1. Could you tell me which residue of segment 54-68 is nearest to E33 (Cα to Cα), considering only residues that are loosely packed, with under 14 Cβ neighbours inside 10 Å and either touching a helix residue (DSSP H, G or I) at 6+ places or on another chain (Cβ under 6 Å) or basic (K, R) (or both)?
2. Are there any pairs, at least 6 apart or on different chains, whose C-beta atoms fall under 9 Å, with the first in segment 55-68 and under 17 Å from E92 (Cα atoms) and the second of a type in the set (D, E, K, R), and if so, which?
3. Only residues in segment 32-45 that are assigned to a loop (DSSP other than H, G, I, E, B) count as the first member; pair them with residues that are surrounded by 11 or more Cβ atoms within 10 Å (Cβ to Cβ) and among the basic types (K, R), Cβ under 7 angstrom, at least 6 apart or cross-chain, and list the lot.
4. Being in contact with a Cys (Cβ under 8 Å, 6 or more places away or on another chain) and either crowded, with 17+ Cβ neighbours inside 10 Å or within 19 Å of R39 (Cβ to Cβ) (or both) is the filter here; which residues of segment 69-83 pass it?
5. Would you confirm, using the coordinates I've provided, whether D44 is closer than 25 Å to N91 by Cα and exposed (fewer than 10 other Cβ atoms within 10 Å of the Cβ)?
Amino acid sequence: MTTIPVTQIAETAVTCSSCAACCCQLEVMLITETGVPERFIDTDDWGGEVMLRLDDGWCAALDRSSMLCSIYEQRPLICREFEMGEADCLNERRGIATAYR
């Protein structure tokens with residue numbers, strides 16, 4: 001098994017085929033109405049609506065077999081604004097660099 005240096009991970013172009021859905025482990029607040037199905041909505045400790053995360057920390061809307069969003073057309077605003085390969089995305093990838101080893 002080849003180990004990829006963390007710096008190389010950040011420099012590698014992120015595409016749909018190289019994405020590890022890092023952002024699907026982040027807390028996602030629902031601040032606008034996008035039609036997220038009720039079964040994927042949870043309430044945080046302060047009463048705000050958030051995307052439901054499973055016991056392992058992954059978003060409940062993530063299709064585990066494809067690692068793609070199962071509600072892509074109805075995804076929350078923050079998910080729409082979080083762009084693959086942009087600075088925030090690369091920072092999250094650095095944070096879970098061990099997933100790429």
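Where a number appears in this text, it was derived from the coordinates with a stated rule and is not lab data. Treat the numbers as computed from the prediction; the structure is a model and nothing was measured. Please note: Cβ atoms are built from the backbone with ideal geometry, for glycine as well, and neighbour counts cover all protein chains shown.
1. G57
2. W58/R64; C59/R53
3. T34/R75
4. Of everything in segment 69-83, those that are in contact with a Cys (Cβ under 8 Å, 6 or more places away or on another chain) and either crowded, with 17+ Cβ neighbours inside 10 Å or within 19 Å of R39 (Cβ to Cβ) (or both) turn out to be C69, R75, C79, F82.
5. no
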